[in-house]
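J.: Take this structure first; my questions come after.
The values are calculated or read from the model by the stated rules, or taken from the named source; none is laboratory data. Everything quoted here is computed from the prediction, not taken from an experiment. Reconstructed Cβ throughout: ideal geometry from the backbone, glycine too, with neighbour counts over all protein chains shown. When the accessible area is computed, the model is the full protein with side chains, heavy atoms only, and any ligands, DNA or RNA have been set aside. Shrake-Rupley method; radii C 1.70, N 1.55, O 1.52, S 1.80 Å.
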2 protein chains.
Amino acid sequence: MLTVYSSDHHLHRGVELKDGAITESFENPLRAETVLAQVRAAGLGDVIAPRAFDRACYAGAHSARYVEFLAGAWDEWTATGRTCQALPLVWPVHAMPSSATLPEFIDGKLGFFAMDAGAPINAGTWDAVSASANSALTGAELLSNGGARAAFALCRPPGHHAGHEYMGGYCYLNNAAIAAQALLGRHRRVAILDTDMHHGQGVQEIFYGRDDVLYVSIHGDPTNFYPVVAGYEEETGAGPGDGYNLNLPMPHGAPESTFFERLDDALRALARFQPDALVLALGFDIYKDDPQSQVAVTTDGFGRLGGAIGALGLPTVIVQEGGYHLESLDANARAFFGGFAAAR
Amino acid sequence: MLTVYSSDHHLHRGVELKDGAITESFENPLRAETVLAQVRAAGLGDVIAPRAFDRACYAGAHSARYVEFLAGAWDEWTATGRTCQALPLVWPVHAMPSSATLPEFIDGKLGFFAMDAGAPINAGTWDAVSASANSALTGAELLSNGGARAAFALCRPPGHHAGHEYMGGYCYLNNAAIAAQALLGRHRRVAILDTDMHHGQGVQEIFYGRDDVLYVSIHGDPTNFYPVVAGYEEETGAGPGDGYNLNLPMPHGAPESTFFERLDDALRALARFQPDALVLALGFDIYKDDPQSQVAVTTDGFGRLGGAIGALGLPTVIVQEGGYHLESLDANARAFFGGFAAAR
């Protein structure tokens, strides 16, 4: 297995509005460094840098105006004389008749293209998020050109909350969706399995009307949990995509066995879909001690999950999403990749 | 002229997300105290307390579920163990297919019912905003029952950014809209003239489809100015309300003469509409030195504005909106009310 990693993620470090206050983001550079050290220590194969991709490669997942906004937002923000992290001023909420009009100034654009105040723009944000997306694209390319049967895109910032036209939840470009779209160049049917603690409502939105990408997500019940606005069982896709979106929420406080029951359901859905390639959106935040966890997955459980994914035998891009318990990230990453490698 | 004032406004003091940081809100209790002192010093007539009104009296302007949310939000927030000001976690942005579903937990509700992070909920917010709305209702009632021909509702928090189902921009209940709705019980046609520096997009939204309330607003061009999402000339109303919404934006940096040109346009629109009663949404933030100002209205200008409104001779409720330059509030309030009284 090859790992794709760019140190450019260090260029981004954010804040978030949570519990009524702006605080340093849970999502920080040490997360990626911890997992990288483990990948190297376990001898999981080479670690390579992503190659550069044109912005047009993000187009399957995101609108051109959104990508253009992300790339230029910091310059627009600092042109107003401000040097702190850029956060929105106003959100065009659902109730507003004029909510679909893109504002012209940066404070308005920031809200138009955001679902929260948890995806700030800094000087290095664009370089970090494009390197992160390029890591996922490089992983997909390795599969498509026969360079590898499995690749780990060590993405940071994460991506699965980023929608077609919005950032949020630490996410800017949807790495998993971008990888899936790239895989479709060579593969006919691509499945995305998302085992992050949170529903990847961005992935769901991007592929909601399509039948060439199956999205299956196991996550905490969104009724009173981020991302709140999506992740419910009744969201099954629309139009040609009806039946190609499967949400498997877990009640809060669920034991580890609940996660693996949902995983069985997910694997059955994959078997029915018969994908030619797989994207795994891998979050380590289902770990029992993770500050974001609502379920009790153990380190052994990550080994079992890795084994189940590896045993599918599919060309697989593993894309890193969340995971915020630094003390356990090394052991959990080692367990997951050990299980994955053993089953190939 | 009677002034309606409740000291309950002291129960609310907020923070706001602006320029990428959470800071103490511009909108603070000293604003109301400064104007109140001036009302008293100038002998403008009695200052009375608002009477209590049932929540149902807000129904013409707001949905029942929104009012219920406002009244209970602090209890819901503190039930989760948090004691800081309540701010949203996630906004259901326009791009989300599930954006119209009300979340069940408080962090989600806060975003569902908000357009920004500039309307926090504190322990005293509901008491303050309901007293503010009741001041506007008391003013309307005085007009309707013959108790006065003009009343000044010294409202704080302000209201004109609050929509049918959302708070934002320091506003929770739309005092001007609630007063206009109450006046319709006795008067056939009510005009709302809004001279605050910012467009009152909440008032616009509430009456956008109706022909019994004319909304005319003079404000800074919203292209790159709060509230961003509305306030454009082409927004003229919808359905039966088409032609009953008039936006008169001013370019940023406009001289005082521009304001009075717009006021002439506004007064012509009022003359065509022939209202039976008037609500003036009065912001002092058009003053040349106000931190929010984009126009150069002078203290003399407030006298001229007061004279123009007084000369209409209509039953009038003056509802206080913005105005953040404490050093000039006294002189500007004295000038406005002096001009108003002299013209009656």
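One line per residue, one yes/no per condition, for (1) over 21 Å from B:ALA136 (Cα atoms); (2) without any contact (Cβ under 8 Å) to a residue 60 or more places away in the chain; (3) of a type outside the set (Val, Ile, Thr):
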| site | (1), (2), (3) |
| --- | --- |
| B:LEU282 | no, no, yes |
| B:ASP290 | yes, no, yes |
| B:THR299 | yes, yes, no |
| B:GLY306 | no, yes, yes |
| B:PHE340 | no, no, yes |
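J.: Among (1) in contact with a strand residue (DSSP E or B) (Cβ under 6 Å, 6 or more places away or on another chain); (2) open to solvent by less than 50 Å² (accessible area, probe 1.4 Å), there is one condition A:LEU36 misses while meeting the rest; what is its number?
T.: Just one mismatch for A:LEU36, condition (1).
J.: Kindly provide the set of residues from the range A:305-323 that are open to solvent by 30 Å² or more (accessible area, probe 1.4 Å) and in contact with a helix residue (DSSP H, G or I) (Cβ under 8 Å, 6 or more places away or on another chain), ordered by number.
T.: Hits for the range A:305-323 are A:ALA311, A:LEU312.
J.: Any idea which residue in the range B:180-190 is nearest to the other protein chains (Cβ to nearest Cβ), counting only those that are among the aliphatic types (A, V, I, L, M) and surrounded by 24 or more Cβ atoms within 10 Å (Cβ to Cβ)?
T.: Out of the qualifying residues, it is B:ALA180.
J.: Kindly provide the set of residues from the range A:40-54 that are in contact (Cβ under 8 Å) with a residue 40 or more places away in the chain and either farther than 30 Å from A:ALA343 by Cα or buried (at least 22 other Cβ atoms within 10 Å of the Cβ) (or both), ordered by number.
T.: A:PRO50, A:ALA52, A:PHE53, listed by residue number.
J.: Can you confirm whether the range B:116-137 contains a residue that is at pLDDT below 95 and over 30 Å from A:ASP107 (Cβ atoms)?
T.: No, that holds for no residue.
J.: Only one residue in B:ALA254, B:ALA177, B:ALA230 is buried (at least 18 other Cβ atoms within 10 Å of the Cβ), under 30 Å from B:VAL15 (Cα atoms), within 11 Å of chain A (Cβ to nearest Cβ) and not β-branched (Val, Ile, Thr). Which one?
T.: B:ALA230 is the lone residue from the list that is buried (at least 18 other Cβ atoms within 10 Å of the Cβ), under 30 Å from B:VAL15 (Cα atoms), within 11 Å of chain A (Cβ to nearest Cβ) and not β-branched (Val, Ile, Thr).
J.: Yes or no: A:VAL129 within 11 Å of another protein chain (Cβ to nearest Cβ), within 29 Å of A:MET197 (Cα to Cα), of a type in the set (Val, Ile, Thr) and crowded, with 24+ Cβ neighbours inside 10 Å? Before you say what the answer is, go through the steps one by one.
T.: Details: within 11 Å of another protein chain (Cβ to nearest Cβ): no; within 29 Å of A:MET197 (Cα to Cα): yes; of a type in the set (Val, Ile, Thr): yes; crowded, with 24+ Cβ neighbours inside 10 Å: yes.
Here the answer is no, as A:VAL129 does not meet what is asked.
J.: Another question about this same structure. Does the range B:73-96 hold any residues that are more than 7 Å from chain A (Cβ to nearest Cβ), of a type outside the set (A, V, I, L, M) and farther than 22 Å from B:ALA230 by Cα, and which are they?
T.: B:TRP74, B:ASP75, B:GLU76, B:TRP77, B:THR78, B:THR80, B:GLY81, B:THR83
J.: Can you tell me which of (1) in contact with a helix residue (DSSP H, G or I) (Cβ under 7 Å, 6 or more places away or on another chain); (2) among the acidic types (Asp, Glu); (3) open to solvent by 20 Å² or more (accessible area, probe 1.4 Å) is the one A:GLU205 doesn't meet?
T.: (1)
J.: Okay, next question. Only one residue in B:GLY322, B:GLY306 is within 19 Å of the chain's Cα centre (by Cα) and part of a loop (DSSP other than H, G, I, E, B), so which one is that?
T.: Exactly one residue qualifies, and that residue is B:GLY322.
J.: Moving on to the next point. Of the numbered conditions (1) in contact (Cβ under 8 Å) with a residue 60 or more places away in the chain; (2) touching a Pro at 6+ places or on another chain (Cβ under 7 Å); (3) of a type in the set (A, V, I, L, M, F, W, C), A:VAL228 fails exactly one; give the number of that condition.
T.: (1)
J.: Take A:PHE225 and tell me if it is more than 25 Å from A:LEU183 (Cβ to Cβ), of a type in the set (Phe, Trp, Tyr) and more than 13 Å from every other protein chain (Cβ to nearest Cβ). Give the derivation first.
T.: Working: more than 25 Å from A:LEU183 (Cβ to Cβ): yes; of a type in the set (Phe, Trp, Tyr): yes; more than 13 Å from every other protein chain (Cβ to nearest Cβ): no.
No, not satisfied.
Rundown of residues vs (1) farther than 27 Å from A:GLY310 by Cβ; (2) within 14 Å of chain B (Cβ to nearest Cβ); (3) at pLDDT 95 or above, yes/no style:
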| position | (1), (2), (3) |
| --- | --- |
| A:LEU11 | yes, no, yes |
| A:PHE26 | yes, yes, no |
| A:GLY45 | no, no, no |
| A:ALA64 | yes, no, yes |
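J.: Same structure again: Take the conditions within 12 Å of chain B (Cβ to nearest Cβ) and open to solvent by 50 Å² or more (accessible area, probe 1.4 Å) and apply them to A:GLY111. Does it pass?
T.: The answer is no for A:GLY111.
J.: Sort through A:TYR166, A:TYR170 and tell me the only one that's at pLDDT 90 or above, open to solvent by less than 20 Å² (accessible area, probe 1.4 Å) and closer than 23 Å to B:GLY20 by Cα.
T.: Answer to the selection: A:TYR166.
J.: Test B:PHE105 against the stated conditions and say whether it is open to solvent by 20 Å² or more (accessible area, probe 1.4 Å) and facing another protein chain (nearest Cβ under 8 Å).
T.: yes
J.: Suppose we keep only residues that are of a type in the set (A, V, I, L, M) and touching a helix residue (DSSP H, G or I) at 6+ places or on another chain (Cβ under 9 Å) within the range B:139-163. Which one would you say is surrounded by the most Cβ atoms within 10 Å (Cβ to Cβ)?
T.: Taking the candidates together, the pick is B:ALA162.
J.: Could you please let me know if A:PRO240 is surrounded by 21 or more Cβ atoms within 10 Å (Cβ to Cβ) and over 25 Å from A:HIS325 (Cβ atoms)?
T.: Criteria not met by A:PRO240.
J.: Now, a different point. Are any of the residues in the range B:117-125 surrounded by fewer than 24 Cβ atoms within 10 Å (Cβ to Cβ), touching a residue at least 60 places away in the same chain (Cβ under 8 Å) and within 12 Å of chain A (Cβ to nearest Cβ)?
T.: yes
J.: If I go through the range B:261-304 residue by residue, how many of them are open to solvent by 30 Å² or more (accessible area, probe 1.4 Å) and more than 25 Å from B:LEU2 (Cα to Cα)?
T.: 13
J.: Write out, first by first residue and then by second, each pair whose Cβ atoms fall under 6 Å of each other, whose residues are 6+ apart or on separate chains, and whose first residue, in the range B:185-210, is within 22 Å of B:VAL297 (Cα to Cα) while the second is hydroxyl-bearing (Ser, Thr, Tyr).
T.: From residues that are within 22 Å of B:VAL297 (Cα to Cα), the pairs are B:ILE192/B:TYR215; B:ASP194/B:SER217; B:MET197/B:SER293; B:HIS198/B:TYR226; B:HIS199/B:SER217; B:GLY200/B:SER217.
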